[in-house]
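Coordinate-derived values only; no laboratory data. Quick caveat: nothing in here was measured; it's all calculated off a predicted structure. Because the Cβ atoms are built from the backbone with ideal geometry, glycine has one as well, and the counts that use them run over all protein chains shown.
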Amino acid sequence: MAKIVAILNVIAWSGFWAFGYLALSAEPAQSGQMVISALLAALGGGTGMIAYLYLMRHADPRRPRAPHSKPEEV
């Protein structure tokens with residue numbers, strides 16, 4: 001599952017940077033293109049952040065694996 005989330009993370013951040021650039025480089029007369037690009041960039045950024053936080057939560061070695069187990073000493 002973590003590999004799928006990691007791939008989703010890379011794709012989401014790539015979309016964030018690509019559509020963010022398109023939103024920032026749009027001409028003022030093309031406001032529709034700018035709005036759509038900004039919304040897609042926000043969607044990519046939000047998805048990337050959620051995926052990143054999921055990966056960091058599950059990568060913590062001190063996190064207990066079961067409710068009754070003790071955290072490992074690091």
Quiz item: Each label point is 7 Å from the Cα along the Cα-to-Cβ direction; what then is the distance between the points at M49 and E27, in nm?
Solution: 3.3
Quiz item: Across the stretch 22-29, in residue order, what do the Karplus-derived ³J(HN,Hα) couplings come to in whole Hz, using 6.51 cos²θ - 1.76 cosθ + 1.60 with θ = phi - 60° and x for Gly and Pro?
Solution: 4, 5, 6, 9, 5, 5, x, 6
Quiz item: So what are the chain's ellipsoid semi-axes, whole angstrom, largest first, if each one is the square root of 5 times an eigenvalue of the alpha-carbon gyration tensor?
Solution: 38, 9, 8
Quiz item: Order of M34, M1 from fewest to most other C-beta atoms within 10 Å?
Solution: M1, M34
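Can you give the helix-only mean residue ellipticity at 222 nm for the chain, where every DSSP H stretch with n ≥ 4 adds -39500 (n - 2.57) and the sum goes over all residues, rounded to the nearest 500 deg cm²/dmol?
Result for the chain: -25500 deg cm²/dmol, rounded to the nearest 500.
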Exercise. Rank these for me by crowding, S25, S37, going from fewest to most other beta carbons within 10 Å.
Key: S25, S37
